[in-house]
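Reviewing the structure listed below.
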Amino acid sequence: MDMVENIDTPALVVDLDKMDNNIRVMSENARQAGITLRPHIKTHKSVTIALKQLLAGADGITVAKLGEAEVMHQNGIHDIFIAYPIIGAEKLTRLKKLAERADIKVSLDSVEVAGGISTVAASIGKKIKVYIEVDTGLGRVGKKYGEETLCLVEEIAKLPNIEIYGLMTHAGHAYAAKSQEEMIEITRQEGQYLVETKTSIKSELGIEIPCISVGSSPTSYIGAHVEGVTEMRPGTYVFNDAKLLDLGLVTEENCALLIYATVVSRPAENRAIIDAGSKTLTSDKRIFADGYGLIKGKNGLTVSWLSEEHGVINLPEGIDLKIGDVIEIIPNHVCPTVNLADELIGIRNGEIEEVIAVTARGKNK
């Protein structure tokens, strides 16, 4: 086995013990809450890790795009929820091929998208389960909770070969919470708005919707225990990142993925250059702090700014980095960081145990 010290940088390195523990803890959290765990694989985009999540108790997986679903199905995963509106002849043709062979569920927030799904379902002679996406405050996809969603459900229910299986939301605005109290309130609202909407749909339309699905790792720690929620779809938890650190939900010891980078230049006393730029770290910022990645073990030191292949670290007094030093960086947002890499280096007990392919990297269609 190659020792960790011989890893060529920049590299994404996963502590397998920490990752396995993160997977176990979230599965146990779902089990104790009595709800389904359907993790979002957009964080790791890896068949290897998705299978680990399923083995630990996940009931299926969530993907963002058809391309991710195709890769997962080709590698033996059959219960797949595509949490993204599917529109256009090319994508509907691909959906048909998948739905013929796998248990595919899809999300939507319009009659137009539902019409295409209905046509696909009719062509293969079976119903396709759909989740209606609901806006609970993020202001992205979905009709507003309550009356707007009820009206949409009423129209979609008229279409043949569609089973309205769930109401879903993604409370991504929890990442912008200015305190844990605000995040907890967003989390409670996320679940409550869906449950109240489900109740209205049942009483006014007579339609029973069995699944109430919430998303995002920040809200999963609390939202699983909101009465009436039946499913959660966290993704980031498998690795964790600096954004979850900022929210106080995890510690550095819970962060399973680190970016190893080498100091390649010291052009000034107060400046060090590393071999990881925006093509490794991404340009995502942290929530409550500056910088493009938290440098582990350096008292809050961050990567100050980026160009494509260079990371610049402005050094305060008392912290020195030498050319050739390898540093460990906790990424701000781990999901796009992984999507920039072909592989993850899995280590255990200081040695490389496996190289994990980012199987669905770049599958954005």
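Just so you know, all these numbers are worked out from the coordinates, no wet-lab data involved. What you see is a predicted model; the values in this text were computed from it and never measured. Please note: Cβ atoms are built from the backbone with ideal geometry, for glycine as well, and neighbour counts cover all protein chains shown.
Before moving on, here are some points about what is shown:
- Distance between modelled label sites at E227 and N299, nm, 7 Å Cα→Cβ extension: 5.0 nm
- Degrees separating the helix 89-101 axis from the principal Cα axis of the chain, which is the longest one: 80 degrees
- Of the options (i) 55, 55, 34; (ii) 69, 42, 36; (iii) 62, 49, 45, only one is Cα extents along the principal axes in Å as computed from these coordinates, and that is (ii).
- Residue-span extension gain [K285 to Q32] - 0.36 nm each, minus C-alpha spacing: 87.7 nm
- Ignoring lysines fewer than eight residues from K363 along the same chain, the ones with Cα atoms less than 25 angstrom from its Cα are K42, K45, K52, K65, K91, K96, K97, K105, K129, K243, K279, K285.
- Extension reserve of the N314-K127 stretch, reckoned as 0.36 nm per residue once the Cα distance is removed: 61.6 nm
- Report summary: the helix-based calculation at 222 nm, which adds -39500 (n - 2.57) for every DSSP H run with n ≥ 4 and divides by the residues of the chain, gives -10000 deg cm²/dmol.
- Applying 0.36 nm per residue to the separation of D17 and E155 and subtracting their alpha-carbon distance, the gain on full extension is 44.8 nm.
- On the basis of the beta-carbon distance and an R0 of 45 Å, I207 and K322 show a calculated FRET efficiency of 0.10.
- Structural descriptor for the chain: relative contact order 21 percent, calculated from alpha carbon pairs under 8 angstrom and at least 6 residues apart.
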